[in-house]
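Trainee: Provided herewith is a single structure, encoded as structure tokens, for subsequent inquiry.
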Amino acid sequence: MHAALTTNQDGVPATEHAVVIAGGGPTGLMLAGELALAGVDVAIVERRASQELAGSRSGGLHSRTIEILDQRGIADRFLSEGQVAQVQRFGDSLLDISDFPTRHPYGLGLWQSHIERILAGWVAELEVPIHRGREVTGLGQDDTGVEVHLSDGESLRAKYLVGCDGGRSLVRKAAGIEFPGWDPSTSALLAEAEISEEPELGIRRDHRGMHGIGRVEYEIRDGEVVYADSGPVRVMVAEEHVGAAGEPTLRNLSEALIAVYGTDYGIHSPTSISRFTDMTRQAASYREGRVLLAGDAAHVHSPAGGQGLNVGVQDAVNLGWKLAQVAHGTSPESLLDTYHAERHPVGARVLRTTMAQTALQRPDDRIEALGDAVSELLSMDEPRKRFAAMLSGLDVHYDLGEGHPLLGRRMPDLDLATPTGPVRMSTLLHDARPVLLNFKEPGIDISPRADRVRHVDAEYDGQWELPVLGSVPAPTAVLIRPDGHVAWTGDSTDPTEALTTWFGPPTAT
Ligand SMILES: Cc1cc2nc3c(=O)[nH]c(=O)nc-3n(C[C@H](O)[C@H](O)[C@H](O)COP(=O)(O)OP(=O)(O)OC[C@H]3O[C@@H](n4cnc5c(N)ncnc54)[C@H](O)[C@@H]3O)c2cc1C
């Protein structure tokens, strides 16, 4: 649907928005939802005519992403369609997180096409307009906003533009943001197709690298993947050389299969064939003036470990509330700099981890020996916990200075007792507003920001436990940001400085 050059119900031209998001993939959809919850006038421009996705891409969600969706009250929509399982892997080691202190000590197997469909349904409920079948082709920014040029010759005006337009991001290039990193060292074809013969299901390795064939439909039984007896297959086959040009064809796929398996199993009727590599790059800056980047637009890496979609969704949840406050004028623009400061190091760590994982897949006896050594280390409890917490996103720690171990970490989803009855911590975050939990008398006075911060007197008698760190002392009060990270804990200091830093100066009376 094209934006009419008319006015909306508020009398504002329909081509003007507080925020325009380029790209309605997982990152763009999550960000749109976050902004809409905060009451921001946001629109998405998406090249695809529908949310349909060719190919399966991401295989699912990690624990922290499920927690984040729980914070918005939508985790059940995903859980009811996917398969809960232990999914965290490093090299050949499966890292079990069932003993982790989280309500979701597992991952969720669910193809990206379903994740996008469910997210798009949520965004539709929040009434975010999506300009589908249109492409961002350029931009120009000045002190007051960004002009977003579209493929049909029209343009949109926004206070801020966020590039969630994937690894080849036009927005990133047009904003002049560097994308340094590493060229690919491996290349593989990924396809979904019909097959006439019974294939060898599972993983195979040879001098080219790792290959795998599985049915698109599967179940997880007793922790094991059990493929459907029939139906389309998902094929990943490493290529002999890196750097093939052009879109891959059925013939390329057939040849690659024959090279590895000696047969192409009569592969036919592909619904998708794509090429992916371990190219590893990260935007030098996540912000250039009024233009920001999130998701694959800000970082690309090998799919090893299944991190990309998860990190993108988590970028969106870090950025959403900050951008909302700046767009509303309640916080200064400098709040946006904390987005880069917090998320760039997380992205950089994902890049390193995926590079390490790709290295361990190399077909070489010495690398295999290294892999055995890594597996031995990861069979010990402490290394397992550290790596699993990192890969599941549960250990993310923003550097907010010295203090209580909760500071900068995710707030555990506690079962709280409050004057209005029992409530889960995550439920208090459903509307994406900050929460001040007070566990002691007398209450803290936040009346100058009562419009922005929800104040809850609560009781909790259980353990305070964090992944990897274990038990931590019970705080007397906690200030929780809309992304679920702790901005302040009650001790000798009062919360005024933290409230101003994160949620802006008090409302003038
Ligand atoms: C083979 C493969 C396997 C993967 N496996 C996993 C996995 O197991 N786990 C995991 O977490 N991740 C995985 N990923 C990565 C995951 O798919 C991406 O990280 C994720 O899709 C990133 O989401 P995004 O919204 O940032 O970008 P994208 O999903 O790329 O979305 C970008 C959107 O922007 C649109 N767009 C692009 N340019 C423009 C423009 N100029 N104007 C308007 N719209 C535009 C596109 O149509 C698209 O909808 C895999 C990726 C691949 C390729």
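The values are calculated or read from the model by the stated rules, or taken from the named source; none is laboratory data. The model shown is predicted, which means the values in this text are computed figures rather than measured ones. Ideal geometry is used to build each Cβ from the backbone, glycine not excepted, and the neighbour counts take in all protein chains shown. Heavy atoms of the whole protein, side chains included, go into the accessibility calculation; ligands, DNA and RNA do not. Shrake-Rupley method; radii C 1.70, N 1.55, O 1.52, S 1.80 Å.
Trainee: Before we move on, is ALA294 within 16 Å of the ligand (Cβ to nearest atom), within 15 Å of ILE21 (Cβ to Cβ), touching a residue at least 40 places away in the same chain (Cβ under 8 Å) and surrounded by 24 or more Cβ atoms within 10 Å (Cβ to Cβ)?
Mentor: Values: within 16 Å of the ligand (Cβ to nearest atom): yes; within 15 Å of ILE21 (Cβ to Cβ): yes; touching a residue at least 40 places away in the same chain (Cβ under 8 Å): yes; surrounded by 24 or more Cβ atoms within 10 Å (Cβ to Cβ): yes.
The answer is yes for ALA294.
Trainee: Taking GLU125 and the conditions (1) within 16 Å of the ligand (Cβ to nearest atom); (2) open to solvent by 10 Å² or more (accessible area, probe 1.4 Å), which numbered condition does it fall short on, given that it satisfies the others?
Mentor: For GLU125, the failing item is (1).
Trainee: Among the residues of the range 202-212, write down those that are without any contact (Cβ under 8 Å) to a residue 40 or more places away in the chain and touching a Lys or Arg at 6+ places or on another chain (Cβ under 9 Å). First the steps, then the outcome.
Mentor: The first filter runs over the range 202-212 and keeps only residues without any contact (Cβ under 8 Å) to a residue 40 or more places away in the chain, leaving 202-203, 212.
GLY212, the sole residue that qualifies.
Trainee: Is it the case that the range 163-178 has a residue that's open to solvent by 70 Å² or more (accessible area, probe 1.4 Å) and either assigned to a strand (DSSP E or B) or among the hydrophobic types (A, V, I, L, M, F, W, C) (or both)?
Mentor: Scanning the range 163-178 turns up no residue that is open to solvent by 70 Å² or more (accessible area, probe 1.4 Å) and either assigned to a strand (DSSP E or B) or among the hydrophobic types (A, V, I, L, M, F, W, C) (or both).
Trainee: List pairs: first residue in the range 53-70 and in contact (Cβ under 8 Å) with a residue 60 or more places away in the chain and part of a helix (DSSP H, G or I), second residue of a type in the set (D, E, K, R) and buried (at least 23 other Cβ atoms within 10 Å of the Cβ) anywhere in the structure, Cβ distance under 8 angstrom, at least six positions apart or on different chains.
Mentor: ARG64/ARG410; GLU67/ARG410; ILE68/ASP483
Trainee: From ALA417, ALA432, ALA458, grab the single residue that is open to solvent by less than 60 Å² (accessible area, probe 1.4 Å), among the aliphatic types (A, V, I, L, M), farther than 29 Å from GLY107 by Cα and touching a residue at least 12 places away in the same chain (Cβ under 8 Å). Working first, answer last.
Mentor: Working: ALA417 fails: farther than 29 Å from GLY107 by Cα; ALA432 fails: farther than 29 Å from GLY107 by Cα.
The match here is ALA458.
Trainee: Taking the range 213-254 on its own, how many of its residues are basic (Lys, Arg), within 19 Å of HIS114 (Cβ to Cβ) and free of Cβ contacts under 8 Å to residues at least 40 places away in the same chain?
Mentor: Of the residues in the range 213-254, 1 are basic (Lys, Arg), within 19 Å of HIS114 (Cβ to Cβ) and free of Cβ contacts under 8 Å to residues at least 40 places away in the same chain.
Trainee: Residue under question is LEU201, and the condition is that it be in contact with a Phe, Trp or Tyr (Cβ under 7 Å, 6 or more places away or on another chain) and closer than 22 Å to THR358 by Cα; does it hold?
Mentor: Values: in contact with a Phe, Trp or Tyr (Cβ under 7 Å, 6 or more places away or on another chain): yes; closer than 22 Å to THR358 by Cα: yes.
Judged against the criteria, LEU201 is a match.
Trainee: Regarding the range 329-349, can at least one residue be identified that is at pLDDT 95 or above, aliphatic (A, V, I, L, M) and more than 27 Å from GLY504 (Cβ to Cβ)?
Mentor: The answer is yes, given that some residue of the range 329-349 is at pLDDT 95 or above, aliphatic (A, V, I, L, M) and more than 27 Å from GLY504 (Cβ to Cβ).
Trainee: Checking ASP143 against (1) touching a residue at least 40 places away in the same chain (Cβ under 8 Å); (2) assigned to a loop (DSSP other than H, G, I, E, B), only one condition comes out false. Which one?
Mentor: It fails just one condition, (1).
Trainee: Also, quick follow-up: Could you grab me the full set of residues in the range 400-410 that are open to solvent by 10 Å² or more (accessible area, probe 1.4 Å) and in contact (Cβ under 8 Å) with a residue 24 or more places away in the chain? Break it down into steps so the answer makes sense when it comes.
Mentor: So the first thing to find is which residues in the range 400-410 are open to solvent by 10 Å² or more (accessible area, probe 1.4 Å), and the list is 400-405, 407, 409.
LEU400, GLY403, HIS404, PRO405, LEU407, ARG409, listed by residue number.
Trainee: Check whether at least one residue in the range 248-267 is under 26 Å from the mean Cα position of the chain (by Cα) and either of a type in the set (Gly, Ala, Ser) or assigned to a helix (DSSP H, G or I) (or both), and report yes or no. Please lay out each step first, then the result.
Mentor: Looking only at the range 248-267, we keep the residues that are under 26 Å from the mean Cα position of the chain (by Cα), and these are none.
Checked the range 248-267: no residue is under 26 Å from the mean Cα position of the chain (by Cα) and either of a type in the set (Gly, Ala, Ser) or assigned to a helix (DSSP H, G or I) (or both).
Trainee: Quick one: which residue in SER63, SER80, SER98, SER93 is farther than 27 Å from LEU414 by Cα and among the hydroxyl-bearing types (Ser, Thr, Tyr)?
Mentor: On the way: SER63 fails: farther than 27 Å from LEU414 by Cα; SER80 fails: farther than 27 Å from LEU414 by Cα; SER98 fails: farther than 27 Å from LEU414 by Cα.
Result: SER93 is the single residue among SER63, SER80, SER98, SER93 that is farther than 27 Å from LEU414 by Cα and among the hydroxyl-bearing types (Ser, Thr, Tyr).
Trainee: Consider only pairs whose beta carbons are under 9 Å apart and that are at least six residues apart or on different chains; among these, list those whose first residue lies in the range 312-323 and is farther than 16 Å from PHE503 by Cα and whose second residue is assigned to a helix (DSSP H, G or I) and among the hydroxyl-bearing types (Ser, Thr, Tyr).
Mentor: Matching pairs, first to second residue: GLY312/THR27; VAL313/THR27; VAL313/THR65; GLN314/THR65; ASP315/THR27; ASP315/TYR339; ALA316/THR27.
Trainee: In the range 260-280, which residues are more than 12 Å from the ligand (Cβ to nearest atom) and surrounded by 18 or more Cβ atoms within 10 Å (Cβ to Cβ)?
Mentor: Our first condition is that a residue be more than 12 Å from the ligand (Cβ to nearest atom); within the range 260-280, this holds for 260-271, 280.
Residues satisfying the conditions are VAL260, ASP264, TYR265, ILE267, PRO270, THR280.
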